[in-house]
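One structure below.
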Amino acid sequence: MALSGVFGPEAEWPRQDLIALSTEFDADLVAEAYRAGVFPMPLHDAGWPPDAMGWWSPVHRGILPLDDLRVTRSLRKSAKHYVVTVDADFDAVIRRCADPARPSGWIDEAIISVYTELNRLGVAHSVEAWTPAGDLAGGLYGVSLGGLFAGESMFHDAALGRDASKVALLGLASVLDDETEGRLLDVQWVTDHLATLGAVAIDRVDYLRLVSEALAQPAPDWARATQGAISVTSAWRA
């Protein structure tokens, strides 16, 4: 399992979620980080340099098993009220996720710039949930490398429906779950919101093994997914 790269072997990482700091931050480094089981998140707290980038690999990593997605009856009903698309408006999604009014906001202009470049390169993708009137009600974005999709952030517009981000996640699951074995949906940490959908926490070493396996799998057909509205019904199973 050779995932170390510039971050070194996992055995040498500290037994904590934050494993490294840097002032360097660009698209190539970010892609390499995900291949190593690491992701960036700025350190905006007092005491850190203003351009300090934290590199994280949670000791207990959140994943969402595609074959155990929990879809309630009410969420199935909500899903019928949205149109779900892929990469229809990456800029709008990441900027809504970056809304400074959100609690614990961490997405800054450096993050927006690099992930927008990754989207241009076909590495980062967004999933949108729209109302029938064409309003963006919710969405998410993340990084796709082989069979790994690393979710970064999601949002919903409370005025347009609290389930919109979950519906976008169902859309993502529909794209990923195309009968290809070994796909991995990484959600970083398990939140109450994600736990309702079936997210679980696993030990870091187990996550790194799954990443190694997922990277060897083919990527979803993102080009096909962007051709129109996608169905979310395949994300739940009878």
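Rounded to 0.05, the FRET efficiency of the M41 and R209 pair, given R0 = 25 Å and the Cβ-Cβ distance, is 0.60.
Accessible surface computed residue by residue for region 1-143, with neighbouring protein chains in place and a 1.4 Å probe, gives 49 Å² per residue. Remark: region 114-119, residue by residue, has Karplus-estimated 3J(HN,Hα) of 5, 6, 5, 5, 5, 5 Hz, where x stands for each Gly or Pro and the curve is 6.51 cos²θ - 1.76 cosθ + 1.60 at θ = phi - 60°. When the square roots of the Cα gyration tensor eigenvalues are ordered a ≥ b ≥ c, the ratio a/c for region 110-185 is 1.5 or more and a/b does not exceed b/c, which makes its shape oblate. Restricting the calculation to Cα atoms, every distinct pair contributes to the Kirkwood radius of region 132-227, found to be 14.4 Å. For E152, the amide hydrogen comes within under 5 Å of the amide hydrogens of Y141, G142, V143, counting only partners 5 or more places away or on other chains and with H modelled in the peptide plane. Residues whose amide H comes within less than 5 Å of that of L184, counting only those at least five positions distant or on another chain, are L148, F149 (H built at 1.01 Å from N in the peptide plane).
The charge dipole of region 74-183, taken about its Cα centre with unit charges on the Cβ of Lys, Arg, Asp and Glu (plus for the first two, minus for the last two), comes to roughly 440 debye. Of the solvent-accessible surface of region 57-208, computed with a 1.4 Å probe and all protein chains present, 50% belongs to carbon and sulfur. Helical runs assigned H by DSSP (4 residues or longer) give the chain a calculated mean residue ellipticity at 222 nm of -8000 deg cm²/dmol, each run adding -39500 (n - 2.57) before division by the residue total.
Relative contact order for region 102-188: 23 percent, from Cα pairs under 8 Å spaced at least 6 residues apart, divided by residue count.
Amide H to amide H, with H built 1.01 Å from N, V59 comes under 5 Å of D17, counting only residues 5 or more places away or on other chains. Would any residue of region 129-149 have its amide N under 20 Å from a label point 7 Å out along Cα→Cβ of A159? List them or say none. Counting only backbone N, you get 129-140.
The phi-based Karplus calculation (6.51 cos²θ - 1.76 cosθ + 1.60; θ = phi - 60°) puts the 3J(HN,Hα) values of region 58-73 at x, 4, 10, 8, x, 10, 10, x, 5, 8, 9, 5, 9, 10, 6, 4 Hz, whole numbers, x for Gly and Pro.
Dipole check for the chain: with +1 at the C-beta of Lys and Arg, -1 at the C-beta of Asp and Glu, and the Cα centre as origin, the magnitude is about 960 Debye. Considering only alpha-carbon pairs that sit under 8 angstrom and 6 or more positions apart, the relative contact order computed for the chain is 25 percent. Across region 1-84, Cα-Cα pairs farther apart than 23 Å form 43% of the total. Each of V86, Q16, W55 was placed along the dipole of region 1-117 (beta-carbon charges, centred on the mean Cα), and the one lying farthest toward the positive end is V86. Anyone know which of R15, R70, R96 comes out most mobile in the 10 Å Cα GNM of the chain? Of R15, R70, R96, the most mobile in the Gaussian network model is R15. Just so you know, the Rg over Rh for the chain is 0.95, from Cα atoms, with Rh as the Kirkwood radius. Each residue of region 191-205 was assigned a 3J(HN,Hα) from its phi angle through the Karplus expression (A = 6.51, B = -1.76, C = 1.60, θ = phi - 60°), giving 9, 4, 4, 6, 4, 5, 9, x, 5, 9, 9, 10, 5, 4, 5 Hz with x at Gly and Pro.
The values are calculated or read from the model by the stated rules, or taken from the named source; none is laboratory data. Every value quoted in this text rests on a predicted model; they were computed, and no experiment measured them. So basically every Cβ, Gly included, is an ideal-geometry build from the backbone, and we count neighbours across all protein chains shown. Side chains are part of the model used for accessible areas, which takes the heavy atoms of the whole protein and leaves out ligands, DNA and RNA. Shrake-Rupley method; radii C 1.70, N 1.55, O 1.52, S 1.80 Å.
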